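One structure is given below, encoded as structure tokens.
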Amino acid sequence: MKPILPLLLMPTAAFAHPGHPGHAAPFAEGWMHPLGGMDHVLAMVAVGLWAATAPDRRGLWALPLCFVAAMLAGGALGAAGLPLPAVEPMILASSVILGLAVALALRPSLGFALPVVAVFGLMHGHAHGAEGPASGLAAYAAGFVLATAALHLAGIGLGRLGAGRLLGAATAAAGVALAVLP
């Protein structure tokens, strides 16, 4: 649990998407977006944790890749100004639901897990895209994709160390806290 402790202590607000600090380079801004909100960090690590426990070895890579692909689609929708309903509540729900899936050691088929992960990826991507820069969108997208992949890999690594259920419970609890605390 010690490797995630600094992440849990980072200050953040649940609905913190407006006001991300601007960076000189779109890539850096994209890289920081997922890392700058605990709601994103929790969900993306949870995807990796869940992937590490997938009953089918394909799930180890399919879940993170599905999230990233859906996130890119959502990013394109957000950048184009196309609205999606309930983006912020779904982002918060992703931390709770994915955390609970890991904590409860749920191991559904990929046919069930992939659509769940895709919906959450779409919502996270929409938030990224809607707040992206007017220019340099490709570099911005590359930044948030690589940061997301790094968070997924961290989750996979922690899950492989056997910390999945405990971290899943902590993720779900932190997601609830983000949803109810000011």
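Tabulated data for the structure shown
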item	result
Of the criteria (1) out of contact with any Gly (no Cβ under 7 Å at 6 or more places or on another chain); (2) under 19 Å from Gly59 (Cα atoms); (3) buried (at least 23 other Cβ atoms within 10 Å of the Cβ), which one Val102 fails	(1)
Criterion (within 19 Å of Ser94 (Cβ to Cβ), modelled with pLDDT of 90 or more and in contact with a Lys or Arg (Cβ under 6 Å, 6 or more places away or on another chain)) met by exactly one of Ala46, Ala52	Ala52
Residue within region 53-63 that is part of a helix (DSSP H, G or I) and touching a Gly at 6+ places or on another chain (Cβ under 7 Å) present	no
Filtered residues of region 129-150 (kept if under 11 Å from the mean Cα position of the chain (by Cα) and closer than 19 Å to Val87 by Cβ)	Phe144, Val145, Ala147, Thr148
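This table checks each residue for (1) farther than 21 Å from Gly36 by Cβ; (2) among the basic types (Lys, Arg).
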| site | (1), (2) |
| --- | --- |
| Gly136 | no, no |
| Ala147 | no, no |
| Leu153 | no, no |
| Ile156 | yes, no |
| Arg165 | yes, yes |
| Ala170 | no, no |
| Ala174 | no, no |
| Ala177 | no, no |
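The values are calculated or read from the model by the stated rules, or taken from the named source; none is laboratory data. The structure displayed is predicted, hence computed values, not measured ones. Quick reminder, even Gly has a Cβ in these numbers, built from the backbone with ideal geometry, and neighbours come from all protein chains shown.
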